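Participant: First the structure, which I've put down as C-alpha cells, then a few questions once you've had a look.
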Amino acid sequence: MTTVQNFIGGELVDSVSGATMPLVDPSTGEEYGTAPVSNEQDIDNAYGAAAKAFKEWKRTTPSQRQKALLDFADDVEKAAEDLIAAEGRNTGKPLHVTRAEEVPAMVDQIRFFAGAARILEGKSAGEYLADHTSWIRREPVGVIGQVAPWNYPMMMAIWKFCPAVAAGNTVVIKPSDTTPVTTVMLAELAAKHFPPGVINVVTGDRVTGASLVAHPTPEMVAITGSVAAGKAVAISAGGNLKRTHLELGGKAPVIVFDDADLSAAAEGIATAGYFNAGQDCTAATRVLAHASIAAELTAALAQQANAATTTFSRAVDDEDAWVPPVNNVNQMQQVLSFFSDVPSHATIAAGGDRQGDTGFYVAPTVVGGLLQDDRLIQQEIFGPVITVQSFTDEADALEKANGVEFALASSVWTKDVSRALRVSNALDFGCVWINTHIPLVAEMPHGGYKASGHGKDLSMYGFEDYTRIKHVMAYTG
C-alpha cells in the first residue's frame with residue numbers, strides 16, 4: 001500500500017486531523033493506498049510556509065532561480081522510471097506512453113521556464129515626460145494557490161508551479177483527490193534545490209480545494225479543471241479580488257473539408273481523440289465533416305476506433321496498448337451516460353459501451369449523424385468518444401465550430417492554403433492546428449477564451465501571467 005503525505009515547508013507531514021482518502025488504480029478499480037484529506041489548518045500551515053519563504057525567494061536573482069529549475073529538471077530525468085511507475089498506478093496510463101510523450105515534455109518545459117526566468121520584458125526606460133525618467137519593474141505576484149487536475153497529474157503540476165517559482169513566487173498546490181502521488185514526488189525532488197516553503201503540496205477533496213482558494217493569503221489562484229470548478233473559483237476569488245488563472249474545459253472542433261487526405265485525417269483525429277482516453281481539454285473529439293465525405297470519414301474513424309488498443313486485459317507496460325482507462329468511476333459513469341443519450345437521428349458506429357467489469361475502461365467510440373444542439377456536441381464528454389456532424393460549406397462549418405460555449409482548441413484539415421488561413425482566422429479558439437491536432441511546445445501558449453477560461457500556460461505568456469508590473473518614475477530636473 002502507498003501512503004501519501006502532504007509536503008509543507010520542505011517536510012512530509014500527515015494531515016492535522018489524520019483523515020485520509022483511498023487511492024484507486026483505474027486499471028483495476030482496486031484500492032492501493034491512501035492520501036490525507038487536508039483541512040483548513042493544513043492549508044493555513046502550507047500558506048504560512050509559502051509566505052515565509054516568499055520573503056527571501058522573491059529577492060533571488062533570475063540566475064539563481066534558473067539554476068534551481070535546471071537542477072530540478074536533471075533530477076526529474078534521473079527519477080523518470082520511478083515517476084512513470086507511480087503515474088501508471090495513479091492514472092492507469094501505459095508506461096511506454098508516459099515515458100515517450102510526457103516525461104521528455106515535462107523536462108523540456110522545466111528547462112524552458114528556467115530560461116524564462118532570465119528574460120523579464122518591459123518597456124524601454126526613458127523620458128516620457130520632460131525631466132522625468134520612467135522604467136518598468138516586473139515583479140512576482142506573491143503566494144500562489146494552485147489546483148491541478150487528474151488527467152495529466154505530473155505534467156499539470158509542472159505547468160503550474162514551474163512558471164510561478166521561475167518568476168519568484170511561492171506556491172501551495174493541491175493535486176486532484178484521485179491522483180496526488182506524483183505531485184508529492186515532484187515536490188520532494190524540487191526540495192533539493194529550492195528553499196523550504198517555496199513549493200508546498202496539500203492533498204484532499206473538493207472541500208480542501210475550496211478552502212485553498214478562499215484562504216486570504218494567496219494573491220492569485222490558478223486552476224486547471226472543469227467549467228463549474230472555474231466558476232466557483234472565480235466567485236470565491238472575487239471576494240477579496242484575488243487574481244485568477246483559469247484553464248477550463250474544451251470542445252475542440254475538427255473541421256475536415258472534402259479536399260483533405262481522409263486517411264491521414266482519420267488516423268490523426270483518432271490519435272488525438274483517444275490519446276489519454278480522450279481526457280484532454282484539447283482532444284480531437286468533435287469532428288465536422290463536409291457532407292460529401294461525412295459517411296466515408298465516419299467509417300474510417302470507426303475502423304480506427306476498433307483498432308485502437310486499450311490496456312484492458314493487458315499490462316500497462318504492453319507497448320501495443322496505448323489507450324488507458326478513464327481516471328475514476330465517476331468519470332466512467334459520466335461518459336457512459338452520453339451513450340444512453342444518443343438521439344434517434346444519430347448512430348453509434350463503433351464502441352459505445354464499457355469494457356469489462358473491472359477497472360474504468362470505456363471502448364473507443366464513434367457517434368455519427370449528430371446535430372448541433374445535441375448534448376454530445378454541446379457538452380464536454382472527456383472520454384474516448386469522437387462525434388461526427390456534417391456541414392455544407394465554409395460558413396456553415398464555422399458557425400457550427402464556434403457554436404459552443406468553449407473556445408480552447410481547434411483544427412482544420414484541407415489542402416487549400418487560402419482556406420486554411422481564412423478558417424484559422426475565423427475560428428474563435430485559443431489554438432488552431434492545420435492538418436494536425438494536439439501537439440504542444442513549450443515556446444507557444446496554451447489557453448482559451450469564453451467558458452474555457454483565461455490566462456495562458458506554457459510560453460513567455462504563461463510565465464508573465466505570474467508577474468505584476470510596476471511603473472517607477474524619477475524626477476531628473
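Participant: Those residues that are in a helix (DSSP H, G or I), under 20 Å from the mean Cα position of the chain (by Cα) and either within 16 Å of residue 188 (Cα to Cα) or among the basic types (Lys, Arg) (or both), I need them from the range 81-105; list them, please.
Facilitator: Within the range 81-105, 83, 84, 86, 87, 89, 99 qualify.
Participant: What do you reckon, is residue 115 outside any helix (DSSP H, G or I), of a type in the set (Gly, Ala, Ser) and either without any contact (Cβ under 8 Å) to a residue 12 or more places away in the chain or out of contact with any Phe, Trp or Tyr (no Cβ under 6 Å at 6 or more places or on another chain) (or both)?
Facilitator: No: the conditions fail for residue 115.
Participant: Given the structure, is residue 258 outside any helix (DSSP H, G or I) and touching a residue at least 40 places away in the same chain (Cβ under 8 Å)?
Facilitator: no
Participant: Provide a single number: the residues in the range 424-466 that are polar (S, T, N, Q), open to solvent by less than 10 Å² (accessible area, probe 1.4 Å) and out of contact with any Leu (no Cβ under 7 Å at 6 or more places or on another chain).
Facilitator: Count: 1.
Participant: Which one of 227, 165, 181 is open to solvent by less than 10 Å² (accessible area, probe 1.4 Å) and at negative phi?
Facilitator: Testing whether each residue is open to solvent by less than 10 Å² (accessible area, probe 1.4 Å) and at negative phi leaves just 165.
Participant: Taking only pairs six or more apart or across chains, which ones have beta-carbon atoms under 7 Å, a first residue in the range 133-148 that is open to solvent by 10 Å² or more (accessible area, probe 1.4 Å), and a second residue that is among the basic types (Lys, Arg) and part of a loop (DSSP other than H, G, I, E, B)?
Facilitator: 136/123; 140/58
Participant: Restricting to the range 260-274, name every residue that is in contact with a strand residue (DSSP E or B) (Cβ under 9 Å, 6 or more places away or on another chain) and either surrounded by fewer than 21 Cβ atoms within 10 Å (Cβ to Cβ) or of a type in the set (Lys, Arg) (or both).
Facilitator: Across the range 260-274, the qualifying residues are 261, 262, 264.
Participant: Report whether or not residue 282 is surrounded by 16 or more Cβ atoms within 10 Å (Cβ to Cβ), out of contact with any Gly (no Cβ under 6 Å at 6 or more places or on another chain), of a type in the set (Val, Ile, Thr) and closer than 18 Å to residue 151 by Cα.
Facilitator: No, not satisfied.
Participant: What residue, among those in the range 446-476 that are on the phi > 0 side of the Ramachandran plot and in a strand (DSSP E or B), is farthest from the chain's Cα centre (by Cα)?
Facilitator: Taking the candidates together, the pick is 450.
Participant: Here's a follow-up. For residue 160, indicate whether it is at pLDDT 95 or above, under 19 Å from residue 245 (Cα atoms) and among the charged types (D, E, K, R).
Facilitator: yes
Participant: For the range 415-423, check the following and say yes or no: at least one residue is in contact with an Asp or Glu (Cβ under 7 Å, 6 or more places away or on another chain), of a type outside the set (Ser, Thr, Tyr), open to solvent by less than 60 Å² (accessible area, probe 1.4 Å) and outside any helix (DSSP H, G or I).
Facilitator: Among the residues of the range 415-423, at least one is in contact with an Asp or Glu (Cβ under 7 Å, 6 or more places away or on another chain), of a type outside the set (Ser, Thr, Tyr), open to solvent by less than 60 Å² (accessible area, probe 1.4 Å) and outside any helix (DSSP H, G or I), which makes the answer yes.
Participant: In the range 1-14, is there at least one residue being within 18 Å of residue 191 (Cβ to Cβ) and in contact with a Phe, Trp or Tyr (Cβ under 8 Å, 6 or more places away or on another chain)?
Facilitator: The answer is yes; a qualifying residue exists.
The values are calculated or read from the model by the stated rules, or taken from the named source; none is laboratory data. Bear in mind the structure is a predicted one, so any value in this text is a computation, not a measurement. As a convention, Cβ positions derive from the backbone with ideal geometry for all residues, glycine included, and neighbour counts pool all protein chains shown. With ligands, DNA and RNA removed, areas are computed over all heavy atoms of the protein, side chains included. Shrake-Rupley method; radii C 1.70, N 1.55, O 1.52, S 1.80 Å.
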